[in-house]
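Quick notes on the structure that follows.
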C-alpha cells in the first residue's frame, strides 16, 4: 500500500522523540551503563544490544520515509535528499556496531577499544549522518526568510557548539543533547510542512466552495 505524503512526513516528527525515549529507558536500566560517560552507540553491545541496533535502524528508516514525503510535498530537491542521507547514516551506524570501550559492556577496556572493520563503518555512518544533517539545515536556511532563517542558523550553531565543546568528561551527554537539537529541527521542519499542506488544502476548499456558489 502506498503511504500518503502526510504519513511519510509524520515519520520525521516521530523519529527523534522515539529514539530519545528508547535511549533513556536503556540508559537508566542497562547494568553498568553510565549516560554521563558512555556514548549512545555502546548500548548496541551486549545481550540487549539489539534494542539500540533496532533503534538506530528504525529511526533512520523514519527519516528516509520523511525525506520521500518532503520531496513529494515540494520541499525542494537537495533538502529532502540530505534528510534521507541523515537517515541512511543512522541506519549504517545501527547495522555496523561500535567497538567496546570505556568499560562497557562488562569486561571491555577502560579506554578506547581496538578498532574493528565494523567499528570503522559505524563511525562512517555517524559521520554521514552529521554531515548530512548540517548540510540539510544549511539548504533549508537558504530557503527560509526572516526569523525562520535565523532560527535555523541558530540551531546549526547550537548543535555544533554543544558537540564540539572542549570537555571530554561531558562528551557523551553533550552528544545526546546535540542529537536532540538535530531531531527537533527535523521534527519542526516536517510539522511545518504538514501544517502548510493542511492550510493549502483548506484554502483550496474555500475557493472551490466559492466558485460552486457563484455557479449556482
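The values are calculated or read from the model by the stated rules, or taken from the named source; none is laboratory data. Small disclaimer: the values here were computed from a predicted structure and weren't measured. Cβ placement follows ideal geometry from the backbone for every residue including glycine, while neighbour counts extend to all protein chains displayed.
Data table
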read-out	value
Total residues in region 36-57, condition closer than 22 Å to residue 133 by Cβ and in contact with a helix residue (DSSP H, G or I) (Cβ under 8 Å, 6 or more places away or on another chain)	11
Count - residues of region 129-175 that are within 28 Å of residue 96 (Cα to Cα), part of a loop (DSSP other than H, G, I, E, B) and out of contact with any helix residue (DSSP H, G or I) (no Cβ under 8 Å at 6 or more places or on another chain)	1
Top-ranked residue in region 35-80 [being without any contact (Cβ under 8 Å) to a residue 12 or more places away in the chain and outside any helix (DSSP H, G or I); ranked as farthest from residue 14 (Cα to Cα)]	47
Conditions (1) in contact with a helix residue (DSSP H, G or I) (Cβ under 8 Å, 6 or more places away or on another chain); (2) modelled with pLDDT of 95 or more; number of the one not met by residue 76	(2)
Residue match in region 176-191 (condition: under 26 Å from residue 85 (Cβ atoms), modelled with pLDDT under 90 and surrounded by 13 or more Cβ atoms within 10 Å (Cβ to Cβ))	no
